[in-house]
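The values are calculated or read from the model by the stated rules, or taken from the named source; none is laboratory data. Just so it is clear, the structure is predicted and the values come from calculations on it, not from any experiment. No Cβ is skipped: glycine too gets one built from the backbone with ideal geometry, and neighbour counts run over all protein chains shown.
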Amino acid sequence: MEQIALYLAKFTGIVPQERILREATVEILSRRAGIPITLETVFVRGNTVFIHASPAVKNILFMYKEDVVRELQERVSRASINDVR
């Protein structure tokens, strides 16, 4: 029984890829654009990150879109994010 516990212990620190992308998106937008978004408003579907926010926030996001996508691709190398909406 201890062998199983030791084997499973190495998987306890694994964080899902989607959560890493969401946290990185929140941090990048907060730093670059000063947009106050929360983790609950960011969703990942396929190769696109969706942000549920007001139209004013989405307009600001559009101005920083290319920078955000580039930085997400650099930071999370396994992610193939092509768009932020």
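Odds and ends about this structure:
- Number of the condition not met by Val69 [criteria: (1) over 11 Å from Arg85 (Cα atoms); (2) β-branched (Val, Ile, Thr); (3) out of contact with any helix residue (DSSP H, G or I) (no Cβ under 6 Å at 6 or more places or on another chain)]: (1)
- Search result, residues across segment 57-85 that are assigned to a loop (DSSP other than H, G, I, E, B) and either in contact with a strand residue (DSSP E or B) (Cβ under 8 Å, 6 or more places away or on another chain) or surrounded by 13 or more Cβ atoms within 10 Å (Cβ to Cβ) (or both): Val76, Ala79, Ile81, Asn82, Arg85
- Segment 28-56: number of residues that are of a type in the set (Ser, Thr, Tyr) and not in a helix (DSSP H, G or I): 3
- Candidates are the residues of segment 27-46 that are closer than 17 Å to Asp83 by Cβ and modelled with pLDDT of 85 or more; the one that is surrounded by the fewest Cβ atoms within 10 Å (Cβ to Cβ) is Arg45.
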